[in-house]
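First up is the structure itself, then whatever we jot down about it.
The values are calculated or read from the model by the stated rules, or taken from the named source; none is laboratory data. On a predicted model such as this, the values are computed, not experimentally measured, just so you know. With ideal geometry, Cβ positions are generated from the backbone for all residues, glycine too; neighbour counts draw on all protein chains shown. Accessible surface areas use protein heavy atoms only, side chains included; no ligands, DNA or RNA. Shrake-Rupley method; radii C 1.70, N 1.55, O 1.52, S 1.80 Å.
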Amino acid sequence: TQKEKEEAIRRSNALEKDDSLAFRKVSRQEYLKKREEKKLDELRGDIEDEQYLFEGVKLTEAEKRDLQYKKEIYELVKKRTEDADNANEYRMPDAYDQDGGVNQEKRFSVAMQRYRDTTAEEKMNPFAEQEAWEEHQIGKARLKYGSKNKKQTSDDYQFVFEDQIDFIKASVMDGDNVDYEEMEDSLEKSKAKSALEALLEERKKLPIYPYRDELLKAVDEHQVLVIVGETGSGKTTQIPQYLHEAGYTKRGMIACTQPRRVAAMSVAARVSQEMGVKLGHEVGYSIRFEDCTSEKTIVKYMTDGMLLREFLGEPDLASYSVVMVDEAHERTLSTDILFGLVKDISRFRPDLKLLISSATLDAEKFSDYFDSAPIFKIPGRRYPVEINFTKAPEADYLDAAIVTSLQIHVTQPPGDILVFLTGQEEIETAEEILKHRTRGLGTKIAELMICPIYANLPTELQAKIFEPTPEGARKVVLATNIAETSLTIDGIKYVIDPGFCKMKSYNPRTGMESLLITPISKASAMQRAGRSGRTGPGKCFRLYTAYNFHNDLDDNTVPEIQRTNLANVVLMLKSLGIHDLLHFDFMDPPPAEALLKALELLFALSALNKLGELTKVGRRMAEFPLDPMLSKMIVASEKYTCSEDIISIAAMLSVGNSIFYRPKDKQVHADNARLNFHTGNVGDHIALLKVYNSWKETNYSTQWCYENYIQVRSMKRARDIRDQLAGLLERVEIELTSNSSDVDGIKKSITSGFFPHSARLQKNGSYRTVKHPQTVHIHPSSGLAQVLPRWVVYHELVLTTKEYMRQITELKPDWLVEIAPHYYQLKD
Ligand code: ADP
Ligand code: MG
């Protein structure tokens, strides 16, 4: 009503005023401090999430050994983090301002914190700590290297290291003959030009440039072309531009798929610069929940998953004239499915050009699959790379990577370092330790610029890795696998390869999926090494032995399709009208077991009928870019007239576990703030809903988030996701209705999606999953951890020290029979 509206406006105005007033009370200092604490907490949470325990699954001896090994590595990473915790000094990545300098304010707040933490005695001499540390190190070095070290000049930095790592030079990977001087000459010249001209010059220097015309001719003559070229040769950034220049965009857009979000964003940004247009106009990108394109867009970088979704709305991809499946060698699940789909449509769309581009030389397989499509090879331009292995296996690769970075920094000629780590938490840990250690050395060593890059790094900070290294300094890029082939960073001369990456694994028997730290393949190792030889002769330091390399690493990475949960993909294929999944044209078929498991789940969710055909529910579910259980929960909300509430919950769940934070010194406050949302033991889902609604009532106040120990960034993301889900609801014609007072209705909607995840309390306080009996526990962070309801549904399982259910809600057992009678039956 009008009155209610007015009241709401008045309230929000009042709040806004309060908000700004209160906000001013928080000084910049406090604000920064809070952010630091938040970061710390995230880090801790992440590490917790990333540990896995492998109980309750029958494994072969070899698997057991393998898993045990991985577990040990996790323990080491965890310990490292705890050490970092105790180090008590955290500087955020945003401590650097845009020019790459250190944000003085930030530095000051950190220094203040340290100062407060030091003892009175230390305060008398602010450098005491550093001096003592240096003394200690020098003393150690003397012990280690004998007295002759004393005589050495101060530019000998042997004492930097507690433990040096010995490498054995193994081989040199051949480079190609290039005129070195000529290249440097032209590089010099290009500096003087205007930015756009300089970019044009740079474009002309890429290895792909001399082959421009030949490539365009090949595209013209063949419908499908496999393109192979060394990483950094210009495939991703140049080919779409060449095609645009040749007029292909007159007939439709050019799509270029990337397996990673960050790559799609970063490459689109680069290409928009090169073309001198605004990002999102002619050149744009599209990733899940973020569409940065417009009417004008003609070159569209997108994740492979997003192109898959476009098939739903446009089964023949009519708005595209070219589809470039880039980074094909990565063989992600979505890329593999795309292969089958684009191959299919290319048959009845002779005007559609199909480019499959890959960084590895194993292109025959792609060619064979695409009916012997011709292979276009872009000759590489790489300098020789010296490969070094460690003498003995390294127990702690993170530590070894840090030590090696410093070793290179103080002993090797200029050139940037690229370190491959497995994920955000490892990168952040490494960053902190590196900072801590270099700080101890003060001005004794040249500046080391530490640049992290991983999927969740805020966009503003991603650009930093591409900034040129200042004179006299050295850059060390701490990257995930993204730098293996998707992103090319110029100026890298040294690569440190610990030999691991994070990889998804799936157990079709239990339906459980997890990310595991896994040894990389030989092909990956070669790719990583190659990253050091782009602008001059390079060196690669492998933190494993030559024996490991030859005997323990697989030749190639197993395609994702063979090690993942397929429910999502099966639902998508079904809604594209592809019924005979066993005979789908897979490049490498998934295990039949995994396909069956996916079909089973979709049937249970009523997305498929007994004949395996898509139902109306299934069709609606497929509209949502979410896991089938979440989609089902949303679709079911229609029945319980609570769609508004359910999409808020779905959005909050999609943000992950970064909603609440617990600063070290305010844990009690934070916990109390959190408990407020759990009043009445409503369960975690409803608590998330309350958080969202309360935030909304304060008109999305930032201050409110601070007061409640809630992360604003996560909340904003939840709001974005929620807006999009609301749009999709409209598309599937489900009315937006709220029914906050009917908590049971909301819980029933949740149960409609998550009933396969129900568990029952046991006498000893643990739980047993109902369908595939397994012992599980309530995660300590749950609002129901002390309540122990008899029956629960959970959102997900996480394996840390125990098998934990995270995000749980109590349910009544008769709901299971009411909602999923085909799945659960009452026993007498
Ligand atoms: P490929 O796809 O063959 O691996 P790319 O087209 O990605 O090669 O890269 C070509 C060049 O463009 C590289 O030298 C790389 O450094 C540069 N480049 C790519 N993305 C960016 C970016 N976001 N910022 C700056 N330079 C970039
Ligand atoms: Mg590329």
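Worth pointing out:
- Cα gyration tensor, the stretch 685-820 - rounded (a/c under 1.5), prolate or oblate: oblate
- On the stretch 671-752, 41 percent of the accessible area sits on carbon and sulfur atoms, based on a 1.4 Å probe.
- The stretch 273-337: relative contact order in percent, alpha carbon pairs under 8 Å with at least 6 residues between: 23 percent
- Listed cross-link partners 666/716; 235/539; 296/377; 343/632 are compared with a 29 Å cut-off, the Cα-Cα value being larger for 296/377; 343/632.
- Global form of the stretch 304-401, assessed from the alpha-carbon gyration tensor, a/c cut-off 1.5: prolate
- Sparse-neighbour loop sites [trypsin sites (Lys or Arg not before Pro); the stretch 376-408; at most 14 other C-beta within 10 Å; DSSP]: 391
- For q = 0.16, 0.22, 0.30 Å⁻¹, Debye-computed log10 I/I(0) when each Cα of the stretch 412-467 counts as one equal scatterer: -0.57, -1.01, -1.31
- Cα extents of the stretch 628-751 along the three principal axes, largest first (Å): 47, 28, 26
- As a ratio to 2.2 N^0.38 Å, the alpha-carbon radius of gyration computed for the stretch 526-642 takes the value 1.59.
- Accessible surface of the stretch 412-504, 1.4 Å probe, proportion on carbon and sulfur as whole %: 56 percent
- Maximal additional length on extending the residue 802-residue 814 stretch stands at 1.5 nm, based on 0.36 nm per residue less the C-alpha distance.
- Paramagnetic label zone (point 7 Å from Cα along Cα-to-C-beta, residue 312; backbone N under 16 Å) in the stretch 609-624: 614-624
- Violating pairs (Cα-Cα greater than 27 angstrom) within the set 747/771; 464/802; 205/365: 464/802; 205/365
- Take the Cβ atoms of residue 672 and residue 197, set R0 to 51 Å, and the FRET efficiency comes out at 0.30.
- Put a dot 7 Å past the Cα of residue 217, heading toward its Cβ, do the same for residue 741, and the two dots end up 7.7 nm apart.
- Whole-angstrom gap from the stretch 319-397 to the stretch 486-558, using each part's C-alpha centre: 17 Å
- Using a probe of 1.4 Å on the protein chains alone, the accessible area found for residue 599 is around 50 Å².
- Overall dimensions of the stretch 318-466 as given by Cα atoms, namely Rg and Dmax in Å: 21.7, 67
- Accessible area of residue 586 in the full protein assembly, 1.4 Å probe (Å², nearest 10): 30 Å²
- Karplus 3J(HN,Hα) series, Hz, for the stretch 712-723 with 6.51 cos²θ - 1.76 cosθ + 1.60 (x for Gly, Pro): 4, 4, 5, 5, 5, 5, 4, 5, 4, 4, 4, 4
- Rounded accessible area of residue 422 (nearest 10 Å², 1.4 Å probe): 10 Å²
- Largest accessible area first, the listed residues 620, 309, 713 line up as 713, 309, 620 when surface is computed with a 1.4 Å probe on the assembled protein chains.
- Accessible area per residue in Å² at 1.4 Å probe, computed on the stretch 753-804: 45 Å²
- Where only alpha carbons of the stretch 452-499 are counted, the Rg and the Dmax (Å): 11.0, 31
- Accessible area (Å², per residue) of the stretch 500-611, counting only protein heavy atoms and a probe of 1.4 Å: 41 Å²
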